[in-house]
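The structure appears right after this line, and notes come after that.
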Amino acid sequence: MAKLRMIAPTLRTMDTRTVRPPVKTADAFYLSPEWRKLMSSIIATRGRICEDKHCDGRTHKPGMRVFGDHIVELQDGGAPLDPANVLLRCGASHTKKTAAARARRLAERY
């Protein structure tokens, strides 16, 4: 009976102890005094809660971090400093909505 031989791996692996992903930085707009002032006023008015109607709230804790998320994204022509165009979202809801918007824009290209 013939022996089975292993095929050499074709994919290389990276040593994650030395290779690091690039540091994520916020867009300059979200660091501006105007945006920070708007976010402070929205949080003071609405409270520090996730306003996403699809959020299940499992990860919510008192004083949790909320993200100001544009309903109509800036890339799609949304008003940057209009409080009516901003929803407060928890991290999980913000990530889901942003990923869906990116996927939609990518699908529209092709």
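Quick note: the coordinates plus some simple rules give every number you see, no bench work behind them. What you are looking at is a predicted structure, and each value in this text was computed from that prediction instead of being measured. As a convention, Cβ positions derive from the backbone with ideal geometry for all residues, glycine included, and neighbour counts pool all protein chains shown.
The figures follow:
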| quantity | calculated |
| --- | --- |
| From the C-alpha gyration tensor of the chain, square roots of 5λ in Å | 40, 18, 17 |
| FRET efficiency estimate (nearest 0.05) - Cβ-Cβ, residue 75 to residue 10, R0 35 angstrom | 0.40 |
| Structure-based [θ]222 nm, the chain - -39500 (n - 2.57) summed over DSSP H runs of at least 4, per residue, nearest 500 | -10000 deg cm²/dmol |
| Angle in degrees between helix 91-109 and the longest Cα principal axis of the chain, rounded to the nearest 10 | 70 degrees |
| Residue (of 68, 81, 6) at the positive-pole extreme of region 4-98, dipole from beta-carbon charges | 6 |
| Neighbourhood net charge (14 Å Cβ-Cβ; Lys/Arg +1, Asp/Glu -1) for residue 67 | +3 |
| Per-residue Cβ neighbour rank within 10 angstrom, fewest leading, 67, 29 | 29, 67 |
| Nearest-20 debye value, the chain charge dipole, Cβ charges on Lys, Arg, Asp, Glu | 740 debye |
